1. Going by amide H atoms built from the backbone, whose H comes under 5 Å of the H on Glu69, apart from near neighbours?
2. Enumerate the calculated ³J(HN,Hα) couplings along the range 48-58 in order (Karplus 6.51 cos²θ - 1.76 cosθ + 1.60, θ = phi - 60°), each rounded to whole Hz, writing x wherever the residue is Gly or Pro.
3. Cα extents of the range 110-163 along the three principal axes, largest first, in whole Å?
4. Amide H of Ser87 versus every other amide H placed in the peptide plane: which residues, excluding those fewer than 5 positions away on the same chain, fall under 5 Å?
5. Accessible area per residue for the range 31-168 in Å², computed with a 1.4 Å probe and the full protein assembly in place, what is it?
6. Sticking with the crude label model, points 7 Å out along Cα→Cβ, report the distance from Leu137 to Arg167 in nm, one decimal please.
Amino acid sequence: MRWLLASLCLFVAGLSQASVPTTGEELSIVDKVLVVKSERKLMLLSRGQPLKSYRISLGKQPKGPKLREGDQRTPEGLYWLDWRKTSDKYNLSMHISYPNIRDQARARAEGVPPGSMIMLHGTPLDETYPEWYFHGLDWTEGCIAMRNDDMREVWSLVKDGTLIEIRP
């Protein structure tokens, strides 16, 4: 009987240890998305460490921060990926919370609309222009675009409410 009880205790202890990841096996959670415009790179970070990196395309006027609606620039600063949707035009898309308070204040001081609906999205499916045509071009109206396979991966790894930092 003691042998059976001891075996059962060892078995239960083994089960509880098997469900707890050991050092180095922790599930990495994306807690920040970092965009470096000058490198055309988007990185997924966990606790400051890069997990994945992707090539991106920017607005048609890629240099400098977004200043107003219609300037075709991609914003710079700290924002949130606050909601997502499927898009007939760009496949999957995640909304960037532009304009932030600083962007709104600057636009108000200049008497211009700041713009809105800045998204992280995929590439159009177009018979005339295949996906590879867009890769390497800055072609958006101010959004951040990536290949559809990459966007599907980001969509699955990044939760709504994740911080996105967009650097020059």
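1. Amide H neighbours of Glu69, under 5 Å, 5+ apart: Gly115.
2. Karplus-based 3J(HN,Hα) across the range 48-58 equals x, 9, x, 9, 8, 9, 9, 7, 10, 10, 10 Hz.
3. Principal extents (largest minus smallest coordinate, Cα): 40, 29, 16 Å.
4. Leu92, Ser93
5. Numbers: 7470 Å² over 138 residues.
Computed with neighbouring chains in place, this is 54 Å² per residue.
6. 2.9
The values are calculated or read from the model by the stated rules, or taken from the named source; none is laboratory data. Note that the structure is predicted; figures quoted are calculated from it, not measured. Cβ sites come from the backbone with ideal geometry, for glycine too, and all protein chains shown count toward neighbours. The protein model used for the area step is the full one, side chains on, heavy atoms only, and it has no ligands, DNA or RNA in it. Shrake-Rupley method; radii C 1.70, N 1.55, O 1.52, S 1.80 Å.
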